[in-house]
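First the structure, in the form of structure tokens, and then the observations on it.
Readers should treat all values here as calculations from the given coordinates under stated rules, not as data from a laboratory. Keep in mind that this is a model prediction, so the values were computed, not measured. Glycine also receives a Cβ, built like all others from the backbone with ideal geometry; neighbour counts cover every protein chain displayed.
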Amino acid sequence: MKLNWGHSIIIVYVIFVAGILLLSFKSSQQKFDLVQTDYYGAELKYQEVIDATQRAKAIGGELQVETKGNYLHVILPQQLQNSISKASIQMYCIADEKGDLKKEIVAQNGIFDIEVLSTMKGNYTLKLTIENSGTAYYFEKKIML
């Protein structure tokens, strides 16, 4: 059987429609995690984060993060090492909300360890809020586990 141009157009059209339907189905199965569920409330508090980030830059120094086995070893800048600080840690997983981790700890001498699960692999953003003598400092660092 010889294909004429009419049959060829129909075959191309059917393949095109099948491709569009496949792409539509695959895109409907894609999972999207929101960074935050309450964007409005977080936006109202974001000025506090901006101020804490500016205070962290003003004291100088940088947050040091090292991976040691199943722990993240975090060392605060020199100005925050001589006192006891209350810290709020959020490990934000870019790829999957299930990989996020939030902890509250007390850092003595500006050094502390965070236990990391063996299932936590990939790109993370470490968001660290330190409260020292009633003043908040905010650090953010991208890490790869």
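Find the Cα radius of gyration of region 14-145, compare it with 2.2 N^0.38 Å by division, and give the number to two decimals. Each step should come with its number before you reach the end.
Numbers: Rg = 19.3 Å, N = 132, 2.2 N^0.38 = 14.1 Å.
Against the empirical 2.2 N^0.38 Å value, I get 1.37 for region 14-145.
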- Please work out the FRET efficiency for the pair Ala18 and Glu97, using the Cβ-Cβ distance as r and a Förster radius of 22 Å; give the result to the nearest 0.05. 0.10
- So which lysines pass the test for Lys141, namely a Cα distance under 19 Å, with those fewer than 8 places away in the same chain ruled out? Lys57, Lys68, Lys86, Lys102, Lys103, Lys121, Lys127
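Need one number: convex hull volume per residue for region 83-130, Cα atoms only, in Å³.
In region 83-130, the Cα convex hull volume per residue is 69 Å³.
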- What list of ³J(HN,Hα) couplings, whole Hz, do you get for region 97-104 from phi and the Karplus terms 6.51, -1.76, 1.60, once you set θ to phi - 60° and write x for glycine and proline? 5, 5, x, 5, 9, 10, 9, 10
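Please give the contour-minus-distance gain from Ser27 to Ser88: 0.36 nm per residue of separation, less the Cα-Cα distance, rounded to one decimal in nm.
Extra length from Ser27 to Ser88 when fully extended: 18.3 nm.
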- Note on the structure: Karplus ³J(HN,Hα) for region 131-145 (6.51 cos²θ - 1.76 cosθ + 1.60, θ = phi - 60°; Hz, whole; x = Gly/Pro) runs 10, 10, 6, x, 10, 9, 10, 10, 10, 9, 9, 8, 9, 10, 9
- If unit charges are put on Cβ atoms (+1 for Lys and Arg, -1 for Asp and Glu) and the dipole of the chain is taken about its Cα centre, the option from Gly110, Ser133, Tyr71 lying farthest towards the positive end turns out to be Tyr71
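Place the peptides 136-145, 115-124 in order of packing, highest mean first, counting for every residue the other Cβ atoms within 10 Å and averaging per peptide. Don't jump to the answer; show the numbers that get you there.
Working: 136-145: 16.2, 115-124: 13.6.
Taking the mean over residues of other Cβ atoms within 10 Å, the ranking is 136-145, 115-124.
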